[in-house]
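J.: Let me give you the structure first, and then I'll get to my questions.
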Amino acid sequence: MENLWVLACMDERMSVDEALGIHADSGVGGGDAHLFRNAGGIVTDDAIRSAMLTINFFGTTEIVVVQHTGCGMLSANGHDLEAALRGKGIDLDNIPIDPSLPELSLDSGAFAKWIGMMDDVDKTCIKCVDQLLNHPLIPDDITISGWVWETEFRRLRAPDVNAATRAVTQATTASMGVKGDQPPRWS
């Protein structure tokens, strides 16, 4: 498994080791995979950067995206989060995304989209896999799959866009009581 790169949510309930039957969350050294965690386990510029590096320089041949039900990225609307930050006096139209690379910036009004809140964890997982499959820095011969960890049942399943057939309680913003659609991160 040393040729595996895993993109997962940073949520402490998302046990990559338990979900995949590997030792990625282990102590220093001896892990089975390179593990990249961020809010929601979504494809971001830094996730692409990390995946590209591990594929091209460390022999990675497989990518696994693991997202989970009950994710905090389902628990609020990105527009509301943006409004709350603006309410604290933060000028989100002139914010550095990476202070060491000031040329990386967001267009005015794009902050809520950049946050990456999601409406449906299954649809987001599928979109993340598609982004990786179609990114020019990820070679076509890399195996890429996506999975959803059901925190309620502590089991892994393939993403399912049919809400009627998935046996979960918190896979969408509606199940978390959030009103309104998220800003469209994925066009």
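A short reminder: the numbers here are calculations on the coordinates, not readings from a lab. Keep in mind that this is a model prediction, so the values were computed, not measured. Here the Cβ is made from the backbone with ideal geometry for all residues, glycine too, and neighbour counts use every protein chain on show.
J.: Largest first and in whole Å, what are the equivalent-ellipsoid semi-axes of the chain based on the Cα gyration tensor, each being the root of 5 times an eigenvalue?
T.: Numbers: eigenvalues 140, 101, 44 Å².
Value: 27, 22, 15 Å, ordered largest first.
J.: So if a site counts as exposed when it's one of the trypsin sites (Lys or Arg not before Pro), its DSSP state isn't H, G, I, E or B, and it has at most 10 other Cβ atoms within 10 Å, what's the longest stretch of the chain without one?
T.: 89-178
J.: Okay, helix-only estimate at 222 nm for the chain: each DSSP H run of n ≥ 4 adds -39500 (n - 2.57), divide by all residues, round to 500 deg cm²/dmol; what do you get? Could the numbers behind the result be given before it?
T.: Details: 5 runs with 46 residues, N = 187.
Helix-only estimate at 222 nm: -7000 deg cm²/dmol.
J.: A further question on this structure: Could you tell me which of rounded, prolate or oblate describes the stretch 44-154, using a ≥ b ≥ c as the square roots of the eigenvalues of the alpha-carbon gyration tensor, with rounded for a/c under 1.5 and, failing that, prolate when a/b is larger than b/c and oblate otherwise? Show your work: numbers first, answer last.
T.: Numbers: a/c = 2.69, a/b = 1.30, b/c = 2.07.
In terms of gyration-tensor shape, oblate.
J.: Under a crude label model (7 Å from the Cα following the beta-carbon direction), how far is residue 75 from residue 56 in nanometres?
T.: 3.7
J.: Follow-up. With the cut-off at 1.5 for a/c, could you classify the stretch 86-135 from its C-alpha gyration tensor as rounded, prolate or oblate?
T.: oblate
J.: Please give me the summed charge of the neighbours of residue 133: other residues whose Cβ is under 15 Å from its Cβ, Lys and Arg +1, Asp and Glu -1.
T.: On the way: positive: 127; negative: 62, 130, 140, 141.
The answer is -3.
J.: I've got another one for you. Can you pull the one-decimal nm distance between simple spin-label points at residue 100 and residue 143, each 7 Å off the Cα toward Cβ?
T.: Label-label distance for residue 100 and residue 143, simple model: 3.3 nm.
J.: List the GluC sites (Glu not before Pro) in the stretch 3-91 that DSSP assigns to loop (not H, G, I, E or B) and whose Cβ has at most 10 other Cβ atoms within 10 Å. Which are they?
T.: Details: sites: 12, 18, 62, 82; in loops: 12.
Passing sites in the stretch 3-91 are 12.
J.: Is the C-alpha gyration tensor of the stretch 49-93 telling us rounded, prolate or oblate? Criteria: a/c under 1.5 is rounded; beyond that, a/b larger than b/c is prolate, otherwise oblate.
T.: On the way: a/c = 6.35, a/b = 1.98, b/c = 3.21.
Judged from the Cα gyration tensor, the stretch 49-93 comes out oblate (a/c at least 1.5, b/c at or above a/b).
J.: Among 111, 36, 58, which one shows the biggest mean-square fluctuation in a GNM of the chain, springs joining Cα atoms closer than 10 Å?
T.: Among 111, 36, 58, the largest GNM mean-square fluctuation belongs to 58.
J.: Also, I was wondering about something else. If you wrap a convex hull around the alpha carbons of the stretch 20-102, what volume per residue comes out, as a whole number of Å³? It would help to have the intermediate numbers written out before the result.
T.: Details: hull volume 13.0 nm³, N = 83.
Spread over its residues, the Cα hull of the stretch 20-102 gives 157 Å³ apiece.
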